[in-house]
1. Output the residues belonging to the stretch A:370-383 that are surrounded by fewer than 22 Cβ atoms within 10 Å (Cβ to Cβ) and in a loop (DSSP other than H, G, I, E, B).
2. Considering the stretch B:216-242 alone, what residues qualify as being more than 22 Å from residue B:280 (Cβ to Cβ) and either at pLDDT 95 or above or in a strand (DSSP E or B) (or both)?
3. Determine which member of the set B:29, B:58 is more than 30 Å from residue A:134 (Cβ to Cβ), in a strand (DSSP E or B) and assigned by TED's automatic domain parsing to the domain that holds residue B:146.
4. Give the residues of the stretch A:90-110 that are in a loop (DSSP other than H, G, I, E, B) and within 30 Å of residue B:245 (Cβ to Cβ), sorted by residue number.
5. Is it fair to say residue A:116 is assigned to a loop (DSSP other than H, G, I, E, B), farther than 19 Å from residue B:290 by Cβ and in contact (Cβ under 8 Å) with a residue 60 or more places away in the chain?
6. Only one of these is modelled with pLDDT under 95 and farther than 14 Å from residue B:72 by Cβ: B:122, B:149. Name it.
7. I'd like to verify a number: residues in the stretch A:119-133 that are more than 8 Å from chain B (Cβ to nearest Cβ) and assigned to a loop (DSSP other than H, G, I, E, B), how many?
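The values are calculated or read from the model by the stated rules, or taken from the named source; none is laboratory data. The structure displayed is predicted, hence computed values, not measured ones. Cβ placement follows ideal geometry from the backbone for every residue including glycine, while neighbour counts extend to all protein chains displayed.
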């Protein structure tokens with residue numbers, strides 16, 4: 001086994017600010033600080049997956065095929081496995097056994113002789129098609145409480161082709177005449193369920209580029225999707241068996257499908273089959289390329305957002321926070337930036353919580369606008385000044401804050417600017433914000449503990465994103481809010497009889 | 001459609017006219033495509049000061065892109081101005097209203113084409129062009145040289161993306177014309193080792209393996225058999241590692257064996273093509289031993305170099321079978337065969353159940 005000690009290398013070579021282990025601009029007054037992990041020399045650290053072993057070490061896989069283990073105590077890297085094909089997900093079973101999602105298979109890698117390196121690579125499932133199109137990435141696995149695994153299969157890119165020899169049954173009837181993404185082998189554009197017995201079952205369809213699977217605290221399966229054709233803006237879906245989430249290509253693999261090329265169906269027909277997202281991430285406002293959703297299970301070690309979700313963002317140095325609630329039986333909710341900049345790099349592709357409660361983020365670019373490497377975000381113990389949650393009410397929204405507010409600034413109507421809009425469902429790449437309109441706030445109340453502000457709006461309609469820009473609201477201790485834009489997706493309204 | 005036709009005719013006439021009067025009304029037409037991997041396929045071109053220029057811009061990628069020509073040295077300023085548009089960027093195609101923007105083509109969706117015409121500045125200089133779609137401008141750009149002279153050597157040109165200075169792509173990756181790629185991993189790669197990547201003439205689930213003696217082979221997990229073998233360098237993965245476009249690892253050697261059978265292992269009698277399934281591999285002193293099934297029968301296959309480096313030795317283990325196994329080969333596949341057991345009948349090796357527990361097939365390169 002080879003060990004890599006890289007700390008020495010930096011002193012002479014560091015020319016970029018992000019080389020240092022502690023980023024600049026992280027004064028002690030901050031609630032979170034970002035640290036960069038020194039990567040092994042020579043590694044192209046395009047991070048495809050992150051997880052923590054039961055012994056507290058980090059395991060990471062990288063797109064050129066390596067699986068490496070990092071010991072945060074000794075800051076040393078060791079090679080566990082290599083030669084994998086674009087691994088984009090890893091699930092640690094033990095210090096000697098992991099599941100890795102690579103292009104051709106979901107593979108169990110094991111160190112059976114105790115030398116610290118995998119020597120057994122077992123196929124867990126390869127029961128899905130591959131055409132060689134560059135965009136047929138595979139994501140996951142994530143495991144539910146019953147022991148089922150879920151993986152996601154990206155659609156193929158209209159900018160790429162299909163190789164002369166494919167794996168799986170080739171059916172080109174589902175290919176668009178245009179540049180849309182497509183699915184010509186099973187089950188591209190699907191999320192699949194692997195039972196504990198090893199059977200791979202098609203689970204839900206209609207995904208374009210679902211680079212992120214996870215569960216919320218209640219165990220609901222979630223997946224992100226990326227803005228593009230048929231995806232007006234990036235989204236977070238609550239994934240349920242049998243549902244279609246909007247990208248047409250995958251429909252040809254639906255059991256009993258008899259409607260021919262799904263791209264030839266009318267938008268209305270497709271829309272009527274579609275399940276809308278729980279949360280929309282408005283493009284250029286919240287996220288342009290969201291990745292993995294990860295539930296805060298740290299029980300306060302990472303700050304006040306227990307049970308909420310963090311979602312990586314590829315296009316900027318940002319991690320997004322998501323809060324969900326059930327309205328009329330369905331999940332919906334709001335998204336808000338969690339951390340912006342502060343030394344955080346772009347390309348936040350994978351997230352994992354360390355046993356100490358720090359949030360690790362693995363970066364990737366892979367030809368897109370991201371970055372490489374691994375960083376960690378540490379809660380300093382200082383309570384952030386932020387919107388803790390946003391709930392829909394019959395009249396508008398309740399905002400709960402992480403700290404008590406100064407009443408005068410919290411009750412100032414100029415400090416709440418709502419606009420609402422929707423995104424068109426169409427084959428065009430992305431959508432403008434449609435029917436955009438400012439919505440006046442008609443009433444503001446604050447709770448006795450100064451933490452909750454209840455806002456009444458002039459009107460509320462389902463099917464719209466409600467974007468709130470807050471002004472200079474102060475906490476009782478005089479802090480300004482960290483993040484001032486929050487977007488709530490009103491999939492359903494509170495039903496009138498519950499008023 | 002009609003407008004486009006008219007435009008084409010117009011361009012045609014214009015070009016004819018330009019040819020007829022080379023000193024007057026000459027138009028320089030530049031075709032630039034946005035292609036996969038956040039890049040323009042043309043990253044620099046040259047026009048004369050005051051020349052009439054037409055840029056035909058086509059988006060051949062699967063994402064949205066624009067093209068903005070800026071004043072000299074103003075690329076990042078314009079990129080940052082576009083980023084700061086935030087909320088309102090999309091409506092104005094991420095083209096900021098700043099004086100540093102000279103000409104622009106709006107956001108094009110995949111497959112779209114648009115043209116811009118302008119008179120090149122009278123002042124010689126290097127005018128950047130860039131995609132200001134958020135996140136793209138850092139890597140997706142090029143340079144318009146307005147000059148009566150020559151452009152600098154491409155490898156020394158600081159005005160184009162670093163990875164476009166050679167044909168081979170990333171600086172840290174191999175050049176196509178080099179036999180030994182530069183370091184690409186955080187560890188020393190001593191043969192044997194496995195590399196799973198898209199390679200030609202196999203399914204997308206193929207496995208490339210590097211062996212000592214500069215031998216390499218492609219064993220296909222999609223079809224469960226040895227597809228081909230080569231000698232020389234291993235693979236140049238520079239193109240595929242750029243990401244974001246269809247690509248293959250390039251074979252850096254000479255292929256000496258190419259399987260031409262329908263499937264090399266057959267059950268009971270020749271011609272029975274089995275149903276196969278890939279179960280994985282274990283590393284034995286770092287050599288992969290593949291595990292797969294043929295008609296449900298477990299097969300293990302380990303491939304090593306011949307001691308003299310002149311071919312491969314394939315060791316098969318079929319531990320539990322009561323069936324006769326046939327190993328078939330095509331005489332034109334580039335190698336000659338020897339086996340540790342079984343009986344050759346008309347070029348096919350018959351292996352009885354008692355012999356199948358372990359047997360080797362030695363494949364020796366034919367003399368050229």
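1. A:371, A:372, A:380, A:381, A:382, A:383
2. Answer for the stretch B:216-242, where residues must be more than 22 Å from residue B:280 (Cβ to Cβ) and either at pLDDT 95 or above or in a strand (DSSP E or B) (or both): B:230, B:231, B:232, B:233, B:234, B:236.
3. B:29
4. Scanning the stretch A:90-110 gives A:102, A:103, A:104, A:105.
5. Criteria met by residue A:116.
6. The match here is B:149.
7. 3
For (1) over 28 Å from residue A:467 (Cα atoms); (2) assigned to a helix (DSSP H, G or I), each residue gets a yes or a no:
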{"residue": "B:67", "(1), (2)": "yes, no"}
{"residue": "B:78", "(1), (2)": "no, yes"}
{"residue": "B:95", "(1), (2)": "no, no"}
{"residue": "B:110", "(1), (2)": "yes, no"}
{"residue": "B:114", "(1), (2)": "yes, no"}
